[in-house]
Amino acid sequence: MADGFPDNRLPAHGLDADAVLDRMHELRVEDRDWRGGRVFSLVYTAGDDVLDLLKRAANLYPAENALNTMVFPSLGWMQHDIVTITAGLLGADRMPSDERRGVSGFLTSGGTESLLQATKTARDWGRSERGTGRPNMVLATSAHAAFEKASHYFDVESRRIPVRADFSADVDAMADAVDDDTVLVVGSAPSYPQGIIDPIVDLAALAADRGILCHVDACLGGFILPFLGRLGHLAKPWDLAVPGVTSISADLHKYGYASKGVSVILYRNRALAGLQPFITTNWLGGLYGSPSMAGTRPAGPIAAGWAVLHYLGEDGYLALAEDAHQAATAIKSAIEGAPGLALRGAPDATVFAFGGELDATGPDTFALGDALAERGGWFFDRQSPPDSLHATVHAGHGAVTEQLVTDLAAVAGELLVSGAQAEDRRATYGTI
Ligand SMILES: *Cc1c(COP(=O)(O)O)cnc(C)c1O
């Protein structure tokens, strides 16, 4: 270990602050360098000015606790603002005014927590409204892994229905899977794996028909689809304005370009929203209420999220959405034009999967990923099935698009000739 930094134990004597920070810089050497725009996963950036603002906003709240907004009212106001602004973006503004007033929601720590809450709310709704003892939810195989976590945590059976050949949810097959114990139907806008917006109108109608709940997972799309729509790059309906959608989630820490740790979940009406918070007096510490999973909650991400929404504003987000759209469009057409390469389905926005043609005439997809990493330091997550590389394109990628397009064509051509196969076949998204 470095001088003065003992292995695996607390130093007997505190170290100098600069030495501690220097050591952290050393530890980071192997971290992927996303600043140059060659990472197409996990990170969303909108420029140095935004990053600087996020740091300054979070720095105002190094020790506060969002567990109690009576002690820190500013955190209550900021959360309220974020929820209200998000509701406007996600369709509340297009609902009839009596319905619009009922839309309510909460902040969570991220998309996973939002989906956990949506599932728990549906389970509790089933218990109280239907007396459902063994609840299930019906969702496409493309819906996010966090629903499996929710299924496991809350004992709600997950009925996964295979997607259609275009990777969209198969509404007819999902309808067949709904039974008297189904409490929730799920659609994605767009799906994480292939970036497809499911037929939300049909899924929500299916749920409404059966009198059950419908969650739209817009964790990925919530802060870019509204702007792509206004720019004329998207026509599919997907949000809370679609009749039958009863809840929706959107991650401010993705295309909202906030610091990690903020997502929003919205419910169509107060009765549903009221099922989410937890309140107890059954201990010796007094009335304890909390809106989501965590007790103590960090204030920094809330502050940074509030700051970035106001700093960017509608025109800022429109410009960023246009940049991301142009970069994604250029990369998608390069993939379609490259020998042996193909997109997986017809992705609706700025997130997509690609690889060698699935009829086995194309190059090995994982070898393609390895070759791109070697040639230009390009980093795409691997996923399967089917073997694919995954790209989340954000505003910061515009600067490197041309180089990527060149490298893609070159690497695809070389692999078709060499026929190289990757030995390591693992596909990893989250790690333990
Ligand atoms: C990212 C994502 C999630 C999970 O969000 P986390 O913030 O990683 O917990 C859920 N659904 C979709 C569609 C996502 O893209």
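The values are calculated or read from the model by the stated rules, or taken from the named source; none is laboratory data. Please read all numbers here as calculations on a predicted model, not as lab measurements. For neighbour counting, all protein chains shown are included, and Cβ atoms are generated from backbone atoms with ideal geometry for every residue, glycine included. SASA here: full protein model, heavy atoms, side chains in, ligands and nucleic acids out. Shrake-Rupley method; radii C 1.70, N 1.55, O 1.52, S 1.80 Å.
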Charge dipole (debye, nearest 20) of the range 73-308; +1 at Cβ of Lys and Arg, -1 at Cβ of Asp and Glu: 620
For 258-265, 184-191, ranked highest to lowest by mean beta-carbon neighbours within 10 Å, the order is 184-191, 258-265
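Mean residue ellipticity at 222 nm from the helices of the chain, using -39,500 (n - 2.57) per DSSP H segment of n ≥ 4 over the full residue count, to the nearest 500 deg cm²/dmol?
Values: 13 runs with 164 residues, N = 432.
Rounded to the nearest 500, it is -12000 deg cm²/dmol.
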Debye-sum result for the range 10-169 in log10 I(q)/I(0), which assumes one identical scatterer on each alpha carbon, at q = 0.11 Å⁻¹: -0.82
Above 32 angstrom, tally the Cα pairs of the range 73-308 and express them as a % of all pairs, no decimals. 15
For the range 125-190, how big is Rg over Rh, using alpha carbon atoms and the Kirkwood form of Rh? 0.98
extent check for the range 354-432: Cα max minus min per principal axis, descending, whole Å, gives 36, 33, 21
Take peptides 50-56, 130-136 and line them up by average Cβ neighbours within 10 Å, highest first, as a rough protection proxy. 50-56, 130-136
Can you find, among ILE302, TYR255, ALA330, the residue farthest towards the positive end of the dipole of the chain? Put +1 on the C-beta of Lys and Arg, -1 on that of Asp and Glu. ILE302
Farthest towards the positive end of the dipole of the chain, among TRP125, VAL43, GLY221 and with Cβ unit charges of +1 on Lys and Arg and -1 on Asp and Glu, lies the Cα of TRP125
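Over the range 313-413, what per residue volume does the convex hull of the Cα atoms give, in whole Å³? Could you put the intermediate results ahead of the total?
Working: hull volume 9.3 nm³, N = 101.
So the per-residue hull volume is 92 Å³.
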Assigned charges on the beta-carbon of Lys, Arg, Asp, Glu; the chain dipole about Cα centre (debye): 1200
List the residues whose amide H sits under 5 Å from the amide H of CYS214, counting only those 5 or more places along or on another chain, with H placed 1.01 Å from N in the peptide plane. VAL185, THR246, SER247
Whole-number accessible area per residue in Å² for the range 225-356, which is evaluated in the context of all protein chains at 1.4 Å: 38
Take the Cα gyration tensor of the chain, multiply each eigenvalue by 5, square-root it, and list the three semi-axes largest first, rounded to whole angstrom. 34, 31, 21
